1. Name the pairs whose Cβ atoms lie under 7 Å apart, with the first residue in the stretch 52-68 and hydroxyl-bearing (S, T, Y), the second surrounded by fewer than 19 Cβ atoms within 10 Å (Cβ to Cβ), and 6 or more positions between them or separate chains?
2. For the stretch 52-103, enumerate the residues that are farther than 18 Å from L154 by Cα and touching a Phe, Trp or Tyr at 6+ places or on another chain (Cβ under 9 Å).
3. Restrict the check to the stretch 10-29 and report whether at least one residue is loosely packed, with under 10 Cβ neighbours inside 10 Å, more than 24 Å from the chain's Cα centre (by Cα), β-branched (V, I, T) and at pLDDT 60 or above.
4. Any residue in the stretch 131-147 that is touching a residue at least 24 places away in the same chain (Cβ under 8 Å) sitting within a Cβ distance under 8 Å of a residue that is of a type in the set (D, E, K, R) and assigned to a helix (DSSP H, G or I)? List the pairs, counting only those 6 or more apart or interchain.
5. From the set of residues in the stretch 58-86 that are loosely packed, with under 15 Cβ neighbours inside 10 Å, part of a strand (DSSP E or B) and β-branched (V, I, T), which is nearest to the chain's Cα centre (by Cα)?
6. Looking at A111, A89, A93, A144 in this structure, which one is part of a helix (DSSP H, G or I) and closer than 20 Å to E182 by Cα?
7. Which condition from (1) of a type outside the set (F, W, Y); (2) farther than 29 Å from A79 by Cβ; (3) touching an Asp or Glu at 6+ places or on another chain (Cβ under 8 Å); (4) free of Cβ contacts under 8 Å to residues at least 40 places away in the same chain is the one that E127 breaks?
8. I'm told K161 meets every condition in (1) out of contact with any helix residue (DSSP H, G or I) (no Cβ under 6 Å at 6 or more places or on another chain); (2) modelled with pLDDT of 95 or more; (3) of a type in the set (D, E, K, R) except one. Can you identify the failing condition by its number?
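The values are calculated or read from the model by the stated rules, or taken from the named source; none is laboratory data. It should be emphasised that the depicted structure is a prediction, and the values quoted were computed from it without experimental measurement. Positions of Cβ are backbone-derived with ideal geometry, glycine not excepted, and every protein chain shown enters the neighbour counts.
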Amino acid sequence: MNVCFRTALSAALLVFVSACATPAPSKESAPATSSAADAEYRPTATIKDLMDAEVDYNSDWLWDAVSTEYTPKGIIDRAPKTDDDWKEARNHAIALLEATNLLLMPGRAVAKPGEKSENPGVEEGPEQIKALIDADRTSWNKYAHGLYDSTKLLLDAIEKKDAEQMLDLGDQLDQACEKCHEHYWYPHQFDPHPDGLPPGEGASKDHEFSDRSSRKKDAK
């Protein structure tokens, strides 16, 4: 009786194991679909948006944080002094530093549809800027990395609470900005103007190019 029972149990186990070892019928996989929700990056702001909200805003703050102003009432020296001042300076440097990585993010538009150059004839429009970037992405990356490098030096000076070094490095930050602007934004600023305007003058009498390079000289 026991032999019969063991024989039946062994047979049942054999059937069970065989069933488990048999692969289940494969189900046809659904075709992979790509969507905005699955993308690694989802850029919304344009390059122009980033320049206005991140790059210009934070670089201007860092330049103005260490400066000397001559007024009728005397000389006004500006520099971070308290721990809170240095913390705020660091926050602006971090924001500018990481903005360079946002500029490198693939799939980012130069400007919103329909946006045009504010100074036609001296500043390139979004279509021309995009064409320059697409034609030589390596140069675009190089300029963004140059901005990162100059900002990183400023951040290091802030970490050391060295206002004098911040002032010295402000000129290097300006040069990084200008090199990129001269390549993409106003590459023809020194070309002869068809209307006889001196080279470098924009279509608008109020247009000004960067004067940051004179900040350090004027402060001394």
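1. Taking only residues 6 or more apart or on different chains, the pairs are S67/R78; S67/R215; S67/A219; T68/I75; T68/D77; T68/A219.
2. I76, L103
3. The answer is no, given that none of the residues of the stretch 10-29 is loosely packed, with under 10 Cβ neighbours inside 10 Å, more than 24 Å from the chain's Cα centre (by Cα), β-branched (V, I, T) and at pLDDT 60 or above.
4. Y143/K179; G146/K179
5. It comes out as I76.
6. On the way: A111 fails: part of a helix (DSSP H, G or I); A89 fails: closer than 20 Å to E182 by Cα; A93 fails: closer than 20 Å to E182 by Cα.
Going through A111, A89, A93, A144 in turn, the sole match is A144.
7. (3)
8. Unmet condition: (1).
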